[in-house]
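What follows is one structure encoded as structure tokens, with my remarks underneath.
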């Protein structure tokens, strides 16, 4: 299966994605990396707010860069349809016990339409569904950047999986992504969370090793109840409907012809007179006499007259 | 005279296509003309139209060689957004193109996109409402409009940005004759009162050819242009009035019923001496003695059906014998589709009885239903839900308990050469209809119901449908078709029933019913009345027999 790029990535937008991802990653993991006794740890309570403002700004900048000149009307239309679908699905799932069908849309959409599209699709889906279900809060920027990574990852897989086993492999990726997403999301509030037992809590200045192991335990003991159902739902759903949804998305992408760039060339050098000669004149247009007259069509199914030109529409619904 | 549109040696090749869709097209459309684009499905008509506002190749991709100039702007350097103020495009299905919910908002939407000042928008919306006779509908939801009203709103929405060129893709194909008249009258007014250039593709030539100043015939990607009379003289597709003119050798070739009628005096006199055409009702349906005598018969008595507050059918009595082809006619909303769905067992009757081949269709299940009555709905895609044509055929074989390959066989007889791996929704209208027909016919139902079968079909597909329906009738199937297409009725129907306001107001042999109606009479009947002739084929046969 050849790779589709609904949103082609230029060198500049690749750099922007990379920069945003680095800042986004820092926004999640900075407490773990802070060296022992660092001044910076005094900001543990207001840092999420700072990043909460910084990340959406960067994300907006990146999305506009990615979209610049490359995101055509067709990609926007498809983005809108998928975002609306995921928002409607979120209303269905309502996030109970982590059952969020939105990930099916993001993973399959990104896989069918490419990495650039996936990086945009993730945050837009999250934003649309958050607006619909009232899920707007300081966590939203973190959810958006993490969803962008899930989409980017699925998009990068496109064209690299053997077609025979792509659905199971995608299901495996989505299982991993669903758990990783949950664990990353824990990080944005975990350092400031209070009232946790010591073995689960963030210890300012205790060094990366201790904190990473505490975070690990925290994930296993608290959020796994959300992460596992989310992973299971996404995995099972992709196994069940993945092939059909992918076929529909690929058909949409084939009809949209994302990779077909408009090309203009000069007309061949011959004169206009030659062109008029080449066009069929009235004499050469098949007249009705050549075709069977309307009233006398042989009325045997097998003997139906073939049309003068085949009915097949070589480029339907252009 | 200035050109509105110039094509200079234009070829278009889509990505992955091995030959150009348009090949070396050179043409010139002067300002203020009404230009008709004619050609079979897949001939390159839509590509030609979409070159006019730059959608080809800016949106679709592909290679364009040569130059397209629209009102002096070259489409190489002007993408669609920079042509939006001079070209308005109206698609085939207006509902698919609507953005807003109500009429006024839809009219203003295009102007909002172009950043036009609010007071100008307000004025232009008012002007457009008056121009197209939409003032009474201004606050109506778009979904509550009739087909003709929707098409006029779509034209209005394109007009509010004051384009110099209006491009329409099959604006009347899906409309009943009255609604088509509405739309064509509005277009006439735009051309004559405002000097707008109109470029229109249309299969229903009999409706539009007399209004055209220039005709472009697109065939296999090549384009020939000329005056309507010159192009019709040699065109592969022509409306009945032109075919009759060609048969009788009239010169100049008439394009309207009025012109033809004035030229037809001698032909009428000649035909008066000839015997009338044979009654098309087949006497030769061989009685199958082994079968139930009720097989293939329709009995509808005192039928009431519809919605709780709005009865659609009030009191319908209808009897159809085996082997008849009954055409149901009447304006949109008269109850034709409701009657068909009751007959197909999809909707229960509120009162009265319905017997299809002796059984109540609502009580029939599974294979018993499929082999008794089959309905091809107005939108054939409603029957199709598999992802490929091949799978669709396989499913149909299985549910019809027919031998593997039955459906595919019927399909290839109806529309040869469809790739089995294609998606049913990617097919052309004619191919989709053929597939839906094949799916229904796999179970060999004794009664076949068709709802608007010629919507969106080109002449070639329609000719094959007509031949096919004759075969079906000869094989002893009963056919009921709901249609606006008077020419189709003249060709295949043995009987016509006219429904109005939920009741059958006329029922009789095709000739008797349609000849007397100004709306339902085919063109040949209008020209040759009071003679009994309905189709060019009948006239040709009669002339041939007399030598």
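Would you check which residues across the range B:257-276 are at pLDDT 90 or above and part of a loop (DSSP other than H, G, I, E, B) and list them? The one that is at pLDDT 90 or above and part of a loop (DSSP other than H, G, I, E, B): B:264. Evaluating residue A:275 against the criteria (1) out of contact with any helix residue (DSSP H, G or I) (no Cβ under 6 Å at 6 or more places or on another chain); (2) more than 7 Å from every other protein chain (Cβ to nearest Cβ); (3) modelled with pLDDT under 85 leaves one unmet condition, (2). When you check residue B:101 against the structure, is it modelled with pLDDT of 90 or more, touching a strand residue (DSSP E or B) at 6+ places or on another chain (Cβ under 8 Å), within 11 Å of another protein chain (Cβ to nearest Cβ) and at negative phi, yes or no? It is false that residue B:101 is modelled with pLDDT of 90 or more, touching a strand residue (DSSP E or B) at 6+ places or on another chain (Cβ under 8 Å), within 11 Å of another protein chain (Cβ to nearest Cβ) and at negative phi.
Evaluate the following for residue B:133: is it assigned by TED's automatic domain parsing to the domain that holds residue B:30 and either at pLDDT below 85 or part of a strand (DSSP E or B) (or both)? Please lay out each step first, then the result.
On the way: assigned by TED's automatic domain parsing to the domain that holds residue B:30: yes; either at pLDDT below 85 or part of a strand (DSSP E or B) (or both): no.
Criteria not met by residue B:133.
Among the criteria (1) under 23 Å from residue B:540 (Cα atoms); (2) at pLDDT below 90; (3) touching a helix residue (DSSP H, G or I) at 6+ places or on another chain (Cβ under 7 Å), the one residue B:279 does not fulfil is (3). Cβ-Cβ contacts under 8 Å between residues 6 or more apart (or on different chains), taken from a first residue in the range B:243-261 that is within 17 Å of residue B:540 (Cα to Cα) to a second residue that is surrounded by fewer than 16 Cβ atoms within 10 Å (Cβ to Cβ), are listed as B:247/B:543.
In the condition set (1) under 30 Å from residue B:357 (Cβ atoms); (2) in the same structural domain as residue B:259 (by TED's automatic domain parsing), residue B:474 is compliant with all but (2). For the range A:136-243, the helices (runs of 4 or more DSSP H) that sit wholly inside it and include 2 or more residues that are surrounded by 15 or more Cβ atoms within 10 Å (Cβ to Cβ), at pLDDT 85 or above and out of contact with any helix residue (DSSP H, G or I) (no Cβ under 7 Å at 6 or more places or on another chain) are A:166-189. Would you mention how many residues in the range B:1-22 are more than 10 Å from every other protein chain (Cβ to nearest Cβ) and free of Cβ contacts under 8 Å to residues at least 40 places away in the same chain? Qualifying residue count, the range B:1-22: 2. Examine the range B:62-80 for a residue that is within 9 Å of chain A (Cβ to nearest Cβ), closer than 21 Å to residue B:156 by Cβ and either at pLDDT below 90 or not in a loop (DSSP other than H, G, I, E, B) (or both), and state whether such a residue exists. The answer is yes, given that some residue of the range B:62-80 is within 9 Å of chain A (Cβ to nearest Cβ), closer than 21 Å to residue B:156 by Cβ and either at pLDDT below 90 or not in a loop (DSSP other than H, G, I, E, B) (or both). No other residue among B:56, B:25 is in a strand (DSSP E or B), surrounded by 24 or more Cβ atoms within 10 Å (Cβ to Cβ) and either free of Cβ contacts under 8 Å to residues at least 60 places away in the same chain or facing chain A (nearest Cβ under 9 Å) (or both) apart from B:25.
Residue pairs whose Cβ atoms lie under 7 Å apart, separated by 6 or more positions or on different chains, with the first residue in the range A:237-258 and farther than 21 Å from residue A:116 by Cα and the second outside any helix (DSSP H, G or I) and modelled with pLDDT under 90, are A:237/A:101.
Would you check which residues across the range B:218-239 are touching a helix residue (DSSP H, G or I) at 6+ places or on another chain (Cβ under 6 Å) and within 12 Å of another protein chain (Cβ to nearest Cβ) and list them? So that I can check it myself, show each step before the final result.
Kept after step one, since they are touching a helix residue (DSSP H, G or I) at 6+ places or on another chain (Cβ under 6 Å), are these residues of the range B:218-239: B:218, B:228, B:232, B:237-239.
Result: B:218, B:232, B:237, B:238, B:239.
Yes/no per residue for (1) touching a strand residue (DSSP E or B) at 6+ places or on another chain (Cβ under 7 Å); (2) over 12 Å from residue B:313 (Cβ atoms); (3) outside the structural domain of residue B:518 (by TED's automatic domain parsing):
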site: B:331; (1), (2), (3): no, yes, yes
site: B:337; (1), (2), (3): yes, no, yes
site: B:355; (1), (2), (3): yes, yes, yes
site: B:363; (1), (2), (3): no, yes, yes
site: B:372; (1), (2), (3): yes, yes, yes
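Got a sec? Which of B:334, B:381 is under 22 Å from the mean Cα position of the chain (by Cα), closer than 30 Å to residue B:491 by Cα and within 14 Å of chain A (Cβ to nearest Cβ)? Going through B:334, B:381 in turn, the sole match is B:381.
In this entry, residue B:477 is excluded by the filter for residues that are closer than 28 Å to residue B:319 by Cβ and under 21 Å from the mean Cα position of the chain (by Cα). More than 22 Å from the chain's Cα centre (by Cα) and in contact (Cβ under 8 Å) with a residue 40 or more places away in the chain: is that true of residue B:446 in this structure? When the stated conditions are applied, residue B:446 passes them. If you go through the range B:348-370 and pick out every residue that is buried (at least 19 other Cβ atoms within 10 Å of the Cβ) and assigned to a loop (DSSP other than H, G, I, E, B), you end up with 3. Give me a count of the residues in the range B:91-121 that are free of Cβ contacts under 8 Å to residues at least 12 places away in the same chain and in contact with a helix residue (DSSP H, G or I) (Cβ under 8 Å, 6 or more places away or on another chain). Total meeting the criteria: 3. The one condition from (1) crowded, with 21+ Cβ neighbours inside 10 Å; (2) farther than 30 Å from residue B:122 by Cα; (3) more than 14 Å from chain A (Cβ to nearest Cβ) that residue B:242 does not meet is (3). Residue count for the range B:28-53 under the criterion of being at pLDDT below 90 and within 8 Å of another protein chain (Cβ to nearest Cβ): the result is 5. Scanning for something within 14 Å of chain A (Cβ to nearest Cβ), touching a helix residue (DSSP H, G or I) at 6+ places or on another chain (Cβ under 9 Å), surrounded by 23 or more Cβ atoms within 10 Å (Cβ to Cβ) and over 26 Å from residue B:298 (Cβ atoms), does the range B:524-534 turn up at least one residue? There is at least one residue in the range B:524-534 that is within 14 Å of chain A (Cβ to nearest Cβ), touching a helix residue (DSSP H, G or I) at 6+ places or on another chain (Cβ under 9 Å), surrounded by 23 or more Cβ atoms within 10 Å (Cβ to Cβ) and over 26 Å from residue B:298 (Cβ atoms). Only one of these conditions is not met by residue A:129: (1) farther than 22 Å from residue A:237 by Cα; (2) crowded, with 18+ Cβ neighbours inside 10 Å. Which number is it? Residue A:129 satisfies all of (1) farther than 22 Å from residue A:237 by Cα; (2) crowded, with 18+ Cβ neighbours inside 10 Å except (1).
The values are calculated or read from the model by the stated rules, or taken from the named source; none is laboratory data. Because the structure is predicted, anything quoted here is derived from the model rather than measured. Because the Cβ atoms are built from the backbone with ideal geometry, glycine has one as well, and the counts that use them run over all protein chains shown.
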